[in-house]
Protein chains: 2
Amino acid sequence: MSLSHAILGLLTVMPMTGYELKTQAFDTTVAHFWQADQSQIYRTLSKMEEDGLVTYELEVQADRPNRKVYRLTAAGWAELERWLRTEQPLPTNREPFLVQLFFGWRLTNETLLELVAGQRAAHAERLATYERIPMPPLGDPSLDRMRTLWRLTLELGIAIERTYLDWLDRCAAVIADLPEADNEQDPQL
Amino acid sequence: MSLSHAILGLLTVMPMTGYELKTQAFDTTVAHFWQADQSQIYRTLSKMEEDGLVTYELEVQADRPNRKVYRLTAAGWAELERWLRTEQPLPTNREPFLVQLFFGWRLTNETLLELVAGQRAAHAERLATYERIPMPPLGDPSLDRMRTLWRLTLELGIAIERTYLDWLDRCAAVIADLPEADNEQDPQL
DNA sequence: GGATAATATAGGACTATACATATATTATAT
DNA sequence: ATATAATATATGTATAGTCCTATATTATCC
């Protein structure tokens, strides 16, 4: 489970509550490389606390629900340092849209183009989200390691989304020129 | 669960056993967009059979374990056709290496460069695997819809891997020029 | 006035995935 | 002689992730 490692990393930047992890990190800053469900964040925090990786301070609030502000323990720091040096496997590919495209030859060009357009819109939106994140310029000598590395991760997110958009445009062009399917004999049961 | 839909798609090409699905499809032809565990394939086939989406013929073999050759039922065809028209969500991003890079500013440049090199090797291998798959040329009028669409999915796989490689090279260059970390005050417990 | 959003945590139920092992036979490699 | 790989299916167990709902208060929107 490297959700716990992402959480450890985030809590080194600043002690936070589960709510802040969700809204100010997983939904925004790190969304391009790790997405997490609210309920899973809370459950993982509980487990990490049990395991002694984090502790929390309860901030009692009058007009709002109480906050549990989590931070790393010594064991949490040690585990993060260890994990950061461990070679990580590539993420496994699982893309429903490519399954559709691969097996979609019986669909009409029109239907295929609609699917392509849908994906294009979704990727364009994702790209726009990433591009709205202000990126620290490179070449600035005052730019610290942290922000340089952070910038690099964002650059990948943007590059991948651009790759998708280029490819989807190419798909649309190729499909538009494709002779329609001959579905006479299908399905052949 | 769209593993079942990937299986439905694959079985339209040719009736197959679970073993063949694993070795001749998920580990090879469709590996760039869907990877599946052997045990999950068998369990999913069982469930799909229960649900009436597929049936199998038992091929009794003398010198080898018997084979269950699966093919679609009418309900399986209907479900595939329905699913193929349904808009699919973008895959969620979860990339352990980017978590490392993002939170790795306390590591030395050397350690970071080792991690980058490890990822580079893994992506280069993946790209080589994709490039070994013979890709039908475009512009061939005899090229059917199926192979054109299949080619497009492979092109994306290759484009994404090239994006990773370019980006990893850029990472290496940027990290090599980075002043080393000043870890005096860390970890700040 | 009623619905929704924001702040905050949590649990139930399910689905999906991963990793290891069992079983059985034959062929090949060391 | 022993081990491993290939063919073939299957189960046990654990981990990871999703979706929905509950709880409680305040603020805002229509």
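Descriptive notes on the structure:
- Compared with the direct C-alpha span, the chain from residue B:86 to residue B:14 gains 23.6 nm at full extension, assuming 0.36 nm per residue.
- Between region A:23-69 and region B:65-94, the alpha-carbon center distance in angstrom: 37
- Note, ³J(HN,Hα) from phi for region B:155-170, Karplus 6.51, -1.76, 1.60, rounded to Hz, x at Gly and Pro: 4, 5, x, 5, 4, 5, 5, 5, 4, 4, 4, 4, 5, 5, 5, 4
- Counting all C-alpha pairs of the protein assembly as shown, share separated by more than 39 Å (%): 28
- Cα-centre dipole for region B:62-164 with unit charges at Cβ (Lys and Arg positive, Asp and Glu negative), debye to 20: 380
- Residue mean of other protein chain beta carbons inside 10 Å, A:122-133: 1
- Across identical copies of the chain, residue B:111 has label-point separations of 5.3 nm, listed in ascending order, with the point defined 7 angstrom from Cα along Cα→Cβ.
- Calculated mean residue ellipticity, 222 nm, chain A: -17500 deg cm²/dmol, from DSSP H runs (n ≥ 4) at -39500 (n - 2.57) each, averaged per residue and rounded to 500.
- Distances in nm from residue B:173 to the matching label points in the other copies, shortest first (labels 7 Å along Cα to Cβ): 2.6
- Axis angle, to the nearest 10 degrees, between helix A:38-50 and the longest C-alpha principal axis of chain A: 40 degrees.
- Distances between placed amide hydrogens fall under 5 Å for residue B:73 paired with B:54, B:55, all partners being 5 or more residues away or on another chain.
- Rel. contact order, % - alpha carbon contacts under 8 angstrom, at least six apart, region B:1-159: 20
- Assuming charge only on the beta carbon of Lys and Arg (+1) and of Asp and Glu (-1), the dipole of region B:3-84 about its Cα centre is about 60 debye to the nearest 20.
- Reachable lysines from residue A:68, criterion Cα separation under 19 angstrom, eight or more residues apart if same chain: A:22, A:47
- Diffusion coefficient, µm² s⁻¹, Stokes-Einstein with Kirkwood Rh over alpha-carbon pairs of region B:3-84 at 20 °C and 1.002 mPa s: 167
- Charge dipole of the protein assembly as shown (Cα centre as origin; +1 on each Lys and Arg Cβ, -1 on each Asp and Glu Cβ, all else neutral): 420 debye, rounded to the nearest 20.
- Inter-chain Cβ neighbour average for residues A:76-88, partner chain, 10 Å: 5
- With respect to chain A, whose longest principal axis is taken over its alpha-carbon atoms, helix A:74-84 is tilted by about 30°.
- Chain A has one residue whose beta-carbon comes closest to the axis relating it to chain B; that residue and its distance in whole Å are A:163, 2.
Where a number appears in this text, it was derived from the coordinates with a stated rule and is not lab data. Treat the numbers as computed from the prediction; the structure is a model and nothing was measured. Glycine also receives a Cβ, built like all others from the backbone with ideal geometry; neighbour counts cover every protein chain displayed.
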